[in-house]
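Note sheet for the following structure.
The values are calculated or read from the model by the stated rules, or taken from the named source; none is laboratory data. Since this is a predicted model, take the numbers as computed values, not measurements. Don't worry about glycine lacking a Cβ; one is built from the backbone with ideal geometry, like all the others, and counts go over all protein chains shown. When the accessible area is computed, the model is the full protein with side chains, heavy atoms only, and any ligands, DNA or RNA have been set aside. Shrake-Rupley method; radii C 1.70, N 1.55, O 1.52, S 1.80 Å.
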Amino acid sequence: MRAGAAPSDTIFAPATAAGRAAIAILRVSGPDCARAVSTVAGKLPPPRVAQRGRFIDPTTGEPLDDGLVLWFPAPRSATGEDVAEFHVHGSRAVLTAIMEVLRHLGLRLAEPGEFTRRAFLNGKLDLVQAEAIADLAAAETEAQRRQALRQLDGELGGVYRGWSQRLTRILAHLEAAIDFPDEDLPPEIEDRSLGETEGLAGEIERHLADGHRGERLRDGIMVAIIGPPNAGKSSLLNRIARRDAVITSPIAGTTRDIVEVAVDLQGYPVVLADTAGLRDSDDVVEQEGLRRALRRAEEAEIRLFVFDVRCPDQASGTAAWPGPDTISVANKIDLAPAYRYLPNTALPVSALTGEGVDALLSALGQRVAQTYRTEAPVLTRARHREALEDAVLSLRRVRDAVLPELRAEDLRLALRSLGHITGTVDVEDLLDVIFHDFCIGK
Ligand code: GDP
């Protein structure tokens, strides 16, 4: 059990989405679980074996439904408490009737996230895994699902815990040197702990310098469509979104704000943003649109620079965004068929006919996959980033600290920052290392 008292009440909630379905699952967790199951299902089934039964309203004896019940006694359950699942017919009436009975028995409807919260409090998962559950439930594309599942498997939390353990060891050695100066400790311990501290700070910094890949994957990878007015940016976005998300018009300067469309590109979540055409204008509203367009273009991970294939001089505009993250797109090839054969690095498309758009999307998808496919677990949340940045700050202060006590304090602060990520800030760990490594206090 982690910090905080054991929740003593028993909660229930539908585990499946609301609405009509073949089956709905009602989950119950807490000390009163066994009583509730025996009352409603007649008896308690053997642990972890699905048992068919008739569910009864105990006050009237009236049958409520015919279904399955599963019983997971503590601690081998999702929350670490006694847990039961009722699998019932998925109608609102059945669910309501059973929930009413449970309420009558003194159980209460769970708050949002309360099952996961209890799982965390009972040490079933760390905070990073709890966040992964939320991400997995919200995942819309393959890459998001994969990232969340890896996080749920404990890979990311494992990295952070590994750092915490190393830091705990460094701190333990230093504390031992401070607290027990007469013991036979190797004299180079302080130097070594400094070296290890620097090494760890470097590692965390490298993890931080990942271009926000994990966070981007959660939120959607930003792609800005930029280019001169009337090049066909809005038409291209419409073509990609396959719906009229943006109003296109032959009058320059129609797109004054930014319109976003989320698409799934080869499993990656991409948010395409249409921006105002890049041109000089006296119109105040258009100038504002332009300012936003430029900012969005700068912030975007990838830019599609669209120009009219009949105006090759426009193509030079792409020079403002050099590098592999800007893809040059020659639009309106339907109006100038000969251009599509010109040797050019720009991808030829026609937003009007759709020609070349699949090739463009596949090039964009490859670009995204190249950047975002990753083997090592990546940072996924600003919350983790902030904690890691704090940890690095503390670790970098260690070298300048004049007294070992101050050094130890900075190490402790770093450890606390790391602990905030997974939700484990534990002095017991420290004591364990001290006593195991040195046999002090014999
Ligand atoms: P934006 O200002 O860059 O967003 O350009 P729009 O998408 O509003 O397009 C400007 C004009 O060009 C509109 O009249 C479109 O119908 C037209 N247009 C856009 N793409 C194409 C294309 O591939 N072929 C042809 N023939 N016309 C296009």
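Just in region 291-378: which GluC sites (Glu not before Pro) are loop by DSSP and have at most 12 other Cβ atoms within 10 Å? Show your work: numbers first, answer last.
On the way: sites: GLU298, GLU299, GLU301, GLU355, GLU375; in loops: GLU301, GLU355, GLU375.
Those satisfying the criteria are GLU375.
If we count every other residue with Cβ under 12 angstrom of ASP410's Cβ, Lys/Arg +1 and Asp/Glu -1, where does the sum land?
On the way: positive: ARG396, ARG397, ARG399, ARG407, ARG412, ARG416; negative: ASP390, ASP400, GLU405, GLU409.
Charge balance near ASP410 sits at +2.
Over region 85-210, what percent of the accessible surface lies on carbon and sulfur atoms, probe 1.4 Å? Mind showing how you got there, number by number?
Values: 3210 of 6160 Å².
The nonpolar share, carbon plus sulfur, comes to 52 percent.
So how do LEU149, LEU194 rank on accessible area, 1.4 Å probe, biggest first, that is with the largest at the start? Intermediate results must be reported in sequence, preceding the final value.
Details: LEU149 65, LEU194 25 Å².
The ranking, largest first, comes out as LEU149, LEU194.
Could you state how much accessible area LYS43 has, in square angstrom rounded to the nearest 10, with a 1.4 Å probe and all protein chains kept in place?
Accessible surface of LYS43 is approximately 120 Å².
Enter the accessible area of PHE55 (Å², nearest 10), with the probe set to 1.4 Å and all protein chains included.
Roughly 0 Å² of PHE55 is accessible to a 1.4 Å probe.
Considering all projection directions equally, how large on average is the shadow of the alpha-carbon convex hull of region 1-143, in square nanometres? Walk me through the numbers on the way to the answer.
Values: hull surface 36.3 nm².
For region 1-143, the mean projected area of the Cα convex hull comes to 9.1 nm².
Loop only by DSSP, 16 or fewer other Cβ within 10 Å of the Cβ. Give me the trypsin sites (Lys or Arg not before Pro) in region 316-393 that pass, ordered by residue number.
ARG373
List the GluC sites (Glu not before Pro) within region 109-143 that DSSP assigns to loop and that have no more than 15 neighbouring Cβ atoms inside 10 Å.
Values: sites: GLU114, GLU131, GLU140, GLU142; in loops: GLU140.
Answer by residue number: GLU140.
What does the charge add up to near ASP82, with Lys and Arg as +1, Asp and Glu as -1, over the other residues with Cβ less than 13 Å from its Cβ? Show your work: numbers first, answer last.
On the way: positive: ARG27, ARG35, ARG48, ARG76, ARG118; negative: ASP9, ASP32, GLU81, GLU85.
For residues surrounding ASP82, the net value is +1.
Per residue, what accessible area does region 91-147 have, given a 1.4 Å probe and all protein chains present, in Å²?
Values: 2970 Å² over 57 residues.
That works out to 52 Å² per residue.
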